1. For the range B:25-71, name all the residues that are among the hydroxyl-bearing types (Ser, Thr, Tyr) and either within 19 Å of A:Val77 (Cα to Cα) or surrounded by fewer than 24 Cβ atoms within 10 Å (Cβ to Cβ) (or both).
2. What tally of residues in the range A:178-226 results from selecting those that are away from chain B (no Cβ under 14 Å), touching a residue at least 12 places away in the same chain (Cβ under 8 Å) and farther than 13 Å from A:Ser121 by Cβ?
3. Quickly run through the range B:1-42 and pick out the residues that are within 13 Å of chain A (Cβ to nearest Cβ), closer than 18 Å to B:Leu74 by Cα and not hydroxyl-bearing (Ser, Thr, Tyr).
4. Which of the residues spanning the range B:9-24 are at negative phi and exposed (fewer than 14 other Cβ atoms within 10 Å of the Cβ)?
5. If we only count strands (runs of 3 or more DSSP E) wholly inside the range A:88-164, which ones have 3 or more residues that are away from every other protein chain (no Cβ under 14 Å), over 20 Å from A:Met226 (Cβ atoms) and out of contact with any Pro (no Cβ under 6 Å at 6 or more places or on another chain)?
6. Can you report the number of residues in the range A:257-292 which are outside any helix (DSSP H, G or I), closer than 19 Å to A:Ala194 by Cα and free of Cβ contacts under 8 Å to residues at least 24 places away in the same chain?
7. Output the number of the condition that B:Glu72 fails; it satisfies all remaining conditions of (1) over 27 Å from A:Ile7 (Cα atoms); (2) charged (D, E, K, R); (3) more than 14 Å from chain A (Cβ to nearest Cβ).
8. Please indicate, with yes or no, whether at least one residue in the range B:49-62 is more than 11 Å from chain A (Cβ to nearest Cβ) and in contact (Cβ under 8 Å) with a residue 60 or more places away in the chain.
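Since every read-out is calculated from the coordinates, none of them should be taken as a lab result. Worth saying up front: this structure is predicted, and the values here are computed from it rather than measured. As a convention, Cβ positions derive from the backbone with ideal geometry for all residues, glycine included, and neighbour counts pool all protein chains shown.
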Amino acid sequence: MKSFEYIAPKDISQAFNSLEEFGEESKLIAGGTDLLVQLKQGHLAPKVLIDLKKISGLSGIRFEKSTGLHIGALTTVAEIESSKIIRVQSPVLFQAAGLLGSVQVRNKATIGGNICRAAPSGDLIPPLLVLNSKVIIKSINGERVVDLEDFFLGSGKTTLKKNEILTEILVPPPKVAGDGVYIKHGRRKSMDLAVVGVAVFLSLNPESFLCERFRLALASVAPVPMRAHEAEIVLHGNKVTESLIDSCADAAMKTCNPISDVYGEEWFKRELVKVLVSRAIKNAAHLQGMKL
Amino acid sequence: MKHQVRLTVNGVSHELLVEPRVTLLDAIRELIGLTGTKKGCDTGDCGACTVILNGKSVNACLCLAVEADGGEVLTIEGLRTDSGPDLIQNAFIEHGAIQCGFCTPGMILSAKALLENNLDVDLDESQVTAAISGNLCRCTGYEKIIQAIMSLVQRSSIK
């Protein structure tokens, strides 16, 4: 690891000042479970690390009826995994939190770090995408709110500017009640990146089983975690049947854009998308009281 | 520039002068001299460097010493009691859960974190397996390790 300076601001305005002073030569550190690996492997060599962990008010989970779930960017994955609020309000996020890394990694890794790392495989991202989450970004000049879907520009690239800090994740309350499911396929059961990750949010009319809301997000099959809008419209407004689920899964495998790498060939990942999307929809439909 | 870092390791307070790039793992091993905490992959995959920092298990290789400033660290050396090895260490010995021994300190600390954070929970084998999923045993002695931890789960549920 190349040497660097370390600053741990006590409040966010100090952090903005440090960002202003060191700009491109600096890097923010939250949990550091990914950043330290990149520093050790020489992928990154900032002159200054700005540690956000000493700033109070950047972590914690709260729920408000009107605005939904507020998750501080520095909230650890373990805190999400053990939060009753998350389990009740966003079971799909709870599910994904338990699948990220190891216990040791989850104790340190943060939700804000997982998002800002913008890895195609980031486990918390697909659930947050199907929950229509937004991120709150602050700078010396004020605050902006961005739909999470628009936050990613490419693998490792986001719309975050050098003078900005992502401070909070906002999960708005769903307009209609529904169920979310996240399925991760890894090469092994734990401690691995997703070969393919699939998150769905499904809301069915309790009597007619017409699909009132359906959102689908995929991990590891595009430069960034993606919403699969073209597959979503297949279910929207229609009665959910086996064959409709098949068409939806088919649309999902066509709309994604995986690459062949050590995790699998492109065709294999597409097949996985098809199988897992279908499985995730069926699981969610089941939670909604529908037998398929 | 070197930073002054205060760490309480196994109840003993240490004042260290470290460069920011020094990991908690290297500080424990090289500066404090406690080599029970092992360096395996150094990238957070193997869990050999697992320590308990402020009550939570972490990979000491993925933590800078400066980040841990003011923290309380428990390493494998801190488990020993006046009368010898502690309950978990004894269970590992009794069940033959130690082969080459390299993963053992990390395994035992992951087990300790699991047991202490779930005092009132009836843990099953799948939870034990999940809890040590971040600790690799290259001797693949997992069965005995799981048996050792399960023996403590059962013992604590009798209490």
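1. Of everything in the range B:25-71, those that are among the hydroxyl-bearing types (Ser, Thr, Tyr) and either within 19 Å of A:Val77 (Cα to Cα) or surrounded by fewer than 24 Cβ atoms within 10 Å (Cβ to Cβ) (or both) turn out to be B:Thr35, B:Thr43, B:Thr50, B:Ser57.
2. The qualifying residues number 20.
3. Passing the criteria: B:Val5, B:Leu24, B:Leu25, B:Asp26, B:Lys39.
4. B:Val12, B:Ser13, B:Glu15, B:Leu17
5. Counting at least 3 such residues, we get A:134-139, A:142-147.
6. Matching residues across the range A:257-292 total 5.
7. (1)
8. For the range B:49-62, residues more than 11 Å from chain A (Cβ to nearest Cβ) and in contact (Cβ under 8 Å) with a residue 60 or more places away in the chain: absent.
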